[in-house]
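The values are calculated or read from the model by the stated rules, or taken from the named source; none is laboratory data. This is a predicted model, so every value here is computed, not measured. Cβ placement follows ideal geometry from the backbone for every residue including glycine, while neighbour counts extend to all protein chains displayed.
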Amino acid sequence: MIEKITESKAFISEIIEGKTIESVIVLGSGMSGFEENYKPLYQLNYSEIPNFLQPSIEGHSGKLSIVNIEGKITAILSGRAHFYEGYPIQELVIPIRTFIMLGAKTLILTNAAGGISSEYIPGDIVAITDHINLTGDNPLIGKNLEEFGPRFPDMSEVYNSELLTLAEKVAKNHFEFKTGVYAWFTGPSYETPAEVNFAKNIGADLVGMSTVPEAIVAKHAGIKTVAFSLVTNLAAGISQNPLDHNEVIEIAEKSKVKLQNFMKEFLSEINIGNN
Ligand code: HPA
(Lines give C-alpha, C1' and ligand atoms only; values in the text may rest on other atoms or scores of the structure.)
Protein backbone atom coordinates (compact mmCIF):
# COMPACT_ATOMS: atom_id res chain seq x y z
CA MET A 1 0.00 0.00 0.00
CA ILE A 2 2.78 2.46 0.86
CA GLU A 3 4.21 1.96 -2.65
CA LYS A 4 0.88 2.98 -4.17
CA ILE A 5 0.56 6.06 -1.98
CA THR A 6 4.17 7.05 -2.71
CA GLU A 7 3.53 6.62 -6.43
CA SER A 8 0.41 8.85 -6.30
CA LYS A 9 2.34 11.41 -4.26
CA ALA A 10 5.27 11.53 -6.69
CA PHE A 11 2.90 11.90 -9.65
CA ILE A 12 0.95 14.78 -8.12
CA SER A 13 4.04 16.45 -6.70
CA GLU A 14 5.50 16.69 -10.19
CA ILE A 15 2.27 18.14 -11.62
CA ILE A 16 2.02 20.76 -8.86
CA GLU A 17 5.70 21.62 -9.17
CA GLY A 18 6.65 20.49 -5.69
CA LYS A 19 4.17 22.72 -3.88
CA THR A 20 3.04 21.82 -0.36
CA ILE A 21 -0.67 21.15 0.11
CA GLU A 22 -2.18 22.80 3.21
CA SER A 23 -5.76 21.54 3.23
CA VAL A 24 -7.91 18.95 1.51
CA ILE A 25 -11.63 19.17 0.85
CA VAL A 26 -13.77 16.22 -0.20
CA LEU A 27 -17.00 17.15 -1.94
CA GLY A 28 -19.68 14.53 -1.38
CA SER A 29 -23.05 13.99 -3.06
CA GLY A 30 -24.57 17.23 -4.19
CA MET A 31 -21.46 19.29 -3.48
CA SER A 32 -19.57 18.93 -6.73
CA GLY A 33 -19.32 22.19 -8.62
CA PHE A 34 -18.05 23.93 -5.48
CA GLU A 35 -14.54 23.87 -6.97
CA GLU A 36 -15.78 26.30 -9.65
CA ASN A 37 -15.68 29.06 -7.04
CA TYR A 38 -11.90 29.06 -7.39
CA LYS A 39 -9.51 29.47 -10.28
CA PRO A 40 -7.75 26.11 -10.62
CA LEU A 41 -3.96 26.19 -10.57
CA TYR A 42 -4.02 22.58 -11.74
CA GLN A 43 -6.88 20.21 -12.54
CA LEU A 44 -6.84 16.46 -13.17
CA ASN A 45 -9.38 13.67 -13.50
CA TYR A 46 -8.88 10.90 -10.95
CA SER A 47 -8.50 8.50 -13.91
CA GLU A 48 -5.24 10.30 -14.80
CA ILE A 49 -3.74 9.84 -11.32
CA PRO A 50 -2.17 6.48 -10.42
CA ASN A 51 -4.21 4.58 -7.79
CA PHE A 52 -7.04 7.16 -7.48
CA LEU A 53 -10.34 5.31 -7.87
CA GLN A 54 -12.90 6.71 -10.27
CA PRO A 55 -16.34 7.09 -8.60
CA SER A 56 -19.01 5.30 -10.60
CA ILE A 57 -22.09 7.11 -9.30
CA GLU A 58 -23.89 10.23 -10.44
CA GLY A 59 -23.00 13.45 -8.65
CA HIS A 60 -19.39 12.36 -8.06
CA SER A 61 -17.36 13.73 -10.94
CA GLY A 62 -13.95 12.39 -9.91
CA LYS A 63 -11.91 15.54 -10.46
CA LEU A 64 -9.00 16.99 -8.49
CA SER A 65 -8.58 20.77 -8.44
CA ILE A 66 -5.61 22.45 -6.82
CA VAL A 67 -6.54 26.01 -5.85
CA ASN A 68 -5.21 28.89 -3.82
CA ILE A 69 -7.45 29.97 -0.93
CA GLU A 70 -6.15 32.98 0.99
CA GLY A 71 -2.61 32.11 0.00
CA LYS A 72 -2.87 28.44 0.99
CA ILE A 73 -2.67 25.66 -1.57
CA THR A 74 -5.77 23.54 -1.21
CA ALA A 75 -6.73 20.26 -2.89
CA ILE A 76 -10.41 19.91 -3.76
CA LEU A 77 -11.53 16.35 -4.44
CA SER A 78 -14.84 16.52 -6.31
CA GLY A 79 -16.47 13.20 -5.59
CA ARG A 80 -15.30 10.08 -3.82
CA ALA A 81 -15.39 6.34 -4.43
CA HIS A 82 -17.47 4.44 -1.83
CA PHE A 83 -17.02 1.14 -0.06
CA TYR A 84 -20.27 -0.13 -1.61
CA GLU A 85 -18.75 0.24 -5.08
CA GLY A 86 -16.73 -2.85 -4.19
CA TYR A 87 -13.29 -1.36 -3.57
CA PRO A 88 -11.04 -2.48 -0.72
CA ILE A 89 -11.32 0.07 2.07
CA GLN A 90 -7.54 0.67 2.12
CA GLU A 91 -7.73 1.82 -1.51
CA LEU A 92 -10.55 4.28 -0.85
CA VAL A 93 -8.30 6.33 1.41
CA ILE A 94 -5.32 6.59 -0.96
CA PRO A 95 -6.23 10.18 -1.99
CA ILE A 96 -6.36 11.36 1.63
CA ARG A 97 -3.08 9.66 2.48
CA THR A 98 -1.48 11.05 -0.68
CA PHE A 99 -2.31 14.61 0.38
CA ILE A 100 -1.15 13.91 3.92
CA MET A 101 2.20 12.94 2.36
CA LEU A 102 2.10 16.19 0.37
CA GLY A 103 1.83 18.16 3.62
CA ALA A 104 -1.90 18.53 4.32
CA LYS A 105 -2.69 19.56 7.90
CA THR A 106 -6.46 20.04 7.63
CA LEU A 107 -9.19 17.87 6.12
CA ILE A 108 -12.73 19.07 5.38
CA LEU A 109 -15.23 16.35 4.52
CA THR A 110 -18.77 16.69 3.21
CA ASN A 111 -21.47 14.12 2.57
CA ALA A 112 -25.19 13.53 2.15
CA ALA A 113 -26.84 11.75 5.07
CA GLY A 114 -30.18 10.57 6.40
CA GLY A 115 -31.43 12.38 9.49
CA ILE A 116 -32.38 10.46 12.63
CA SER A 117 -32.51 13.28 15.20
CA SER A 118 -35.88 14.98 15.60
CA GLU A 119 -33.93 18.27 15.50
CA TYR A 120 -33.28 17.87 11.77
CA ILE A 121 -35.28 18.53 8.65
CA PRO A 122 -34.21 17.75 5.07
CA GLY A 123 -31.94 20.53 3.81
CA ASP A 124 -30.19 21.00 7.17
CA ILE A 125 -26.43 21.11 7.40
CA VAL A 126 -25.02 19.26 10.39
CA ALA A 127 -21.46 19.36 11.72
CA ILE A 128 -20.32 15.87 12.73
CA THR A 129 -19.01 15.69 16.31
CA ASP A 130 -18.24 11.96 16.39
CA HIS A 131 -18.96 8.75 14.50
CA ILE A 132 -19.98 5.14 15.02
CA ASN A 133 -18.50 2.63 12.63
CA LEU A 134 -21.15 -0.06 12.09
CA THR A 135 -19.48 -1.77 9.16
CA GLY A 136 -17.00 -4.00 10.93
CA ASP A 137 -14.30 -2.77 8.56
CA ASN A 138 -11.53 -0.24 9.14
CA PRO A 139 -9.03 1.34 6.72
CA LEU A 140 -6.19 0.75 9.21
CA ILE A 141 -6.60 -3.05 9.09
CA GLY A 142 -3.45 -4.62 7.66
CA LYS A 143 0.19 -3.74 8.17
CA ASN A 144 0.42 -0.45 10.07
CA LEU A 145 1.92 2.33 7.98
CA GLU A 146 4.28 3.79 10.58
CA GLU A 147 4.99 6.77 8.30
CA PHE A 148 1.46 7.96 9.05
CA GLY A 149 0.79 7.02 12.63
CA PRO A 150 0.74 4.38 15.39
CA ARG A 151 -0.76 0.88 15.33
CA PHE A 152 -3.45 1.78 17.89
CA PRO A 153 -4.38 5.42 17.30
CA ASP A 154 -6.56 7.30 19.76
CA MET A 155 -9.98 8.21 18.34
CA SER A 156 -11.31 10.33 21.21
CA GLU A 157 -11.42 13.51 19.11
CA VAL A 158 -11.63 12.60 15.44
CA TYR A 159 -13.48 15.82 14.60
CA ASN A 160 -11.38 18.74 15.76
CA SER A 161 -12.99 20.90 18.46
CA GLU A 162 -11.29 24.14 17.32
CA LEU A 163 -12.57 23.66 13.78
CA LEU A 164 -16.04 22.88 15.14
CA THR A 165 -15.98 26.14 17.12
CA LEU A 166 -14.91 28.01 14.01
CA ALA A 167 -17.68 26.30 12.02
CA GLU A 168 -20.23 27.39 14.61
CA LYS A 169 -19.03 31.00 14.36
CA VAL A 170 -19.14 31.04 10.54
CA ALA A 171 -22.49 29.21 10.42
CA LYS A 172 -24.16 32.17 12.20
CA ASN A 173 -24.03 34.05 8.87
CA HIS A 174 -25.63 31.16 6.97
CA PHE A 175 -27.89 28.75 8.89
CA GLU A 176 -28.77 27.42 12.31
CA PHE A 177 -25.73 25.46 13.53
CA LYS A 178 -26.58 21.84 14.30
CA THR A 179 -24.31 19.02 15.37
CA GLY A 180 -24.62 15.25 15.47
CA VAL A 181 -23.08 11.79 15.63
CA TYR A 182 -22.77 10.01 12.26
CA ALA A 183 -23.28 6.26 11.95
CA TRP A 184 -21.50 4.66 9.02
CA PHE A 185 -23.31 1.83 7.22
CA THR A 186 -21.81 0.28 4.07
CA GLY A 187 -24.89 0.66 1.86
CA PRO A 188 -25.71 0.56 -0.99
CA SER A 189 -29.11 -0.48 0.31
CA TYR A 190 -30.54 2.17 2.57
CA GLU A 191 -30.96 1.12 6.19
CA THR A 192 -34.03 -0.71 7.40
CA PRO A 193 -36.24 1.09 9.96
CA ALA A 194 -34.96 -1.40 12.57
CA GLU A 195 -31.36 -0.53 11.74
CA VAL A 196 -32.12 3.17 12.00
CA ASN A 197 -33.83 2.58 15.34
CA PHE A 198 -30.78 0.65 16.51
CA ALA A 199 -28.48 3.49 15.38
CA LYS A 200 -30.69 5.97 17.22
CA ASN A 201 -30.60 3.91 20.41
CA ILE A 202 -26.81 3.71 20.39
CA GLY A 203 -26.47 7.47 20.01
CA ALA A 204 -26.46 8.24 16.28
CA ASP A 205 -28.14 11.33 14.83
CA LEU A 206 -27.25 10.74 11.19
CA VAL A 207 -26.75 7.73 8.91
CA GLY A 208 -24.58 7.61 5.84
CA MET A 209 -22.32 5.55 3.61
CA SER A 210 -19.03 7.49 3.53
CA THR A 211 -16.67 9.85 5.40
CA VAL A 212 -15.64 7.58 8.29
CA PRO A 213 -12.74 5.80 6.47
CA GLU A 214 -11.28 9.18 5.49
CA ALA A 215 -11.70 10.58 9.00
CA ILE A 216 -10.02 7.50 10.56
CA VAL A 217 -6.89 7.72 8.39
CA ALA A 218 -6.69 11.48 8.98
CA LYS A 219 -6.84 11.01 12.75
CA HIS A 220 -4.28 8.22 12.52
CA ALA A 221 -1.91 10.77 10.96
CA GLY A 222 -2.80 13.58 13.38
CA ILE A 223 -4.63 15.66 10.77
CA LYS A 224 -7.31 18.11 11.96
CA THR A 225 -10.63 17.01 10.50
CA VAL A 226 -14.04 18.60 10.26
CA ALA A 227 -17.04 17.05 8.50
CA PHE A 228 -20.45 18.31 7.42
CA SER A 229 -23.51 16.31 6.47
CA LEU A 230 -26.21 17.67 4.26
CA VAL A 231 -29.41 16.02 5.53
CA THR A 232 -31.09 15.00 2.29
CA ASN A 233 -33.89 12.93 3.86
CA LEU A 234 -35.19 11.64 7.13
CA ALA A 235 -33.76 8.15 7.64
CA ALA A 236 -35.89 5.04 6.98
CA GLY A 237 -38.68 4.64 9.52
CA ILE A 238 -38.25 8.24 10.74
CA SER A 239 -39.93 9.24 7.51
CA GLN A 240 -42.90 7.04 6.61
CA ASN A 241 -42.08 7.32 2.90
CA PRO A 242 -39.81 4.88 1.06
CA LEU A 243 -36.37 6.36 0.30
CA ASP A 244 -35.62 7.38 -3.24
CA HIS A 245 -32.12 8.28 -4.44
CA ASN A 246 -33.58 10.85 -6.86
CA GLU A 247 -35.12 12.73 -3.93
CA VAL A 248 -31.76 12.63 -2.16
CA ILE A 249 -30.14 14.22 -5.23
CA GLU A 250 -32.97 16.77 -5.53
CA ILE A 251 -32.67 17.97 -1.92
CA ALA A 252 -28.89 18.03 -2.20
CA GLU A 253 -29.17 20.20 -5.32
CA LYS A 254 -31.62 22.58 -3.61
CA SER A 255 -29.52 22.98 -0.47
CA LYS A 256 -26.05 23.01 -1.88
CA VAL A 257 -25.86 26.80 -2.37
CA LYS A 258 -26.31 27.22 1.40
CA LEU A 259 -23.53 24.72 2.14
CA GLN A 260 -21.28 26.17 -0.54
CA ASN A 261 -21.63 29.75 0.71
CA PHE A 262 -20.84 28.59 4.22
CA MET A 263 -17.87 26.54 2.98
CA LYS A 264 -16.38 29.47 1.09
CA GLU A 265 -16.35 31.61 4.21
CA PHE A 266 -15.27 28.72 6.44
CA LEU A 267 -12.28 27.87 4.21
CA SER A 268 -11.16 31.51 4.10
CA GLU A 269 -11.37 31.66 7.90
CA ILE A 270 -9.38 28.44 8.33
CA ASN A 271 -6.66 29.61 5.99
CA ILE A 272 -6.49 33.13 7.43
CA GLY A 273 -6.22 31.52 10.88
CA ASN A 274 -3.32 29.37 9.64
CA ASN A 275 -1.37 32.35 8.32
N1 HPA B 1 -28.91 6.59 4.57
C2 HPA B 1 -27.64 6.40 4.17
N3 HPA B 1 -27.01 7.24 3.37
C4 HPA B 1 -27.69 8.31 2.94
C5 HPA B 1 -29.02 8.56 3.32
C6 HPA B 1 -29.67 7.64 4.18
O7 HPA B 1 -30.83 7.79 4.57
N8 HPA B 1 -29.39 9.73 2.71
C9 HPA B 1 -28.30 10.16 2.00
N10 HPA B 1 -27.28 9.32 2.13
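What is the number of the single condition among (1) more than 12 Å from the ligand (Cβ to nearest atom); (2) surrounded by fewer than 18 Cβ atoms within 10 Å (Cβ to Cβ); (3) at pLDDT 95 or above that Lys254 does not meet?
Exception for Lys254: condition (3).
Tell me the residue from Glu35, Glu91 that is under 23 Å from Glu3 (Cα atoms) and of a type in the set (Asp, Glu), please.
Result: Glu91 is the single residue among Glu35, Glu91 that is under 23 Å from Glu3 (Cα atoms) and of a type in the set (Asp, Glu).
Which condition breaks for Ile202 when tested against (1) closer than 18 Å to Asp154 by Cβ; (2) more than 13 Å from the chain's Cα centre (by Cα); (3) of a type in the set (A, V, I, L, M, F, W, C)?
If we test Ile202 against (1) closer than 18 Å to Asp154 by Cβ; (2) more than 13 Å from the chain's Cα centre (by Cα); (3) of a type in the set (A, V, I, L, M, F, W, C), just (1) comes out false.
Go through the residues of the stretch 198-207 one by one and say whether even a single one is at pLDDT 95 or above, of a type in the set (S, T, N, Q), more than 12 Å from the ligand (Cβ to nearest atom) and out of contact with any helix residue (DSSP H, G or I) (no Cβ under 6 Å at 6 or more places or on another chain).
Within the stretch 198-207, the first condition is being at pLDDT 95 or above, and the residues that meet it are 198-207.
Filter once more, keeping what is of a type in the set (S, T, N, Q): 201.
Subset that is more than 12 Å from the ligand (Cβ to nearest atom): 201.
Within this subset, residues satisfying the condition of being out of contact with any helix residue (DSSP H, G or I) (no Cβ under 6 Å at 6 or more places or on another chain) are 201.
Within the stretch 198-207, one or more residues are at pLDDT 95 or above, of a type in the set (S, T, N, Q), more than 12 Å from the ligand (Cβ to nearest atom) and out of contact with any helix residue (DSSP H, G or I) (no Cβ under 6 Å at 6 or more places or on another chain).
For the stretch 38-95, enumerate the residues that are in contact (Cβ under 8 Å) with a residue 24 or more places away in the chain and at positive phi.
Asn51, Gly59, Glu70, Gly71, Gly79 - these are the residues of the stretch 38-95 that are in contact (Cβ under 8 Å) with a residue 24 or more places away in the chain and at positive phi.
Conditions (1) closer than 23 Å to Met31 by Cβ; (2) among the basic types (Lys, Arg), marked per residue:
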position	(1), (2)
Pro188	yes, no
Pro193	no, no
Phe198	no, no
Ile202	no, no
Asp205	yes, no
Pro213	yes, no
Ala221	no, no
Lys224	yes, yes
Phe228	yes, no
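If you scan the stretch 56-74, which residues turn out to be more than 20 Å from Ile21 (Cα to Cα) and surrounded by 22 or more Cβ atoms within 10 Å (Cβ to Cβ)? Walk me through how you get there before you give the answer.
Within the stretch 56-74, the first condition is being more than 20 Å from Ile21 (Cα to Cα), and the residues that meet it are 56-61.
The one that is more than 20 Å from Ile21 (Cα to Cα) and surrounded by 22 or more Cβ atoms within 10 Å (Cβ to Cβ): His60.
Restricting the stretch 213-244 to residues that are among the β-branched types (Val, Ile, Thr) and within 12 Å of the ligand (Cβ to nearest atom), which is nearest to Ala171 (Cα to Cα)?
Val231
Sort through Leu44, Leu53, Leu77 and tell me the only one that's closer than 16 Å to Leu107 by Cβ, hydrophobic (A, V, I, L, M, F, W, C) and either under 18 Å from the mean Cα position of the chain (by Cα) or buried (at least 18 other Cβ atoms within 10 Å of the Cβ) (or both).
Numbers: Leu44 fails: closer than 16 Å to Leu107 by Cβ; Leu53 fails: closer than 16 Å to Leu107 by Cβ.
Matching residue, one of Leu44, Leu53, Leu77: Leu77.
Go through the stretch 167-275 and tell me which helices (runs of 4 or more DSSP H), entirely inside it, have 2 or more residues that are of a type in the set (Asp, Glu).
Once the helices (runs of 4 or more DSSP H) in the stretch 167-275 are filtered for at least 2 residues that are of a type in the set (Asp, Glu), what remains is 245-273.
Hey, can you tell me all the residues within the stretch 104-130 that are surrounded by fewer than 22 Cβ atoms within 10 Å (Cβ to Cβ) and either closer than 10 Å to Thr211 by Cα or polar (S, T, N, Q) (or both)?
Matches in the stretch 104-130: Ser117, Ser118, Thr129.
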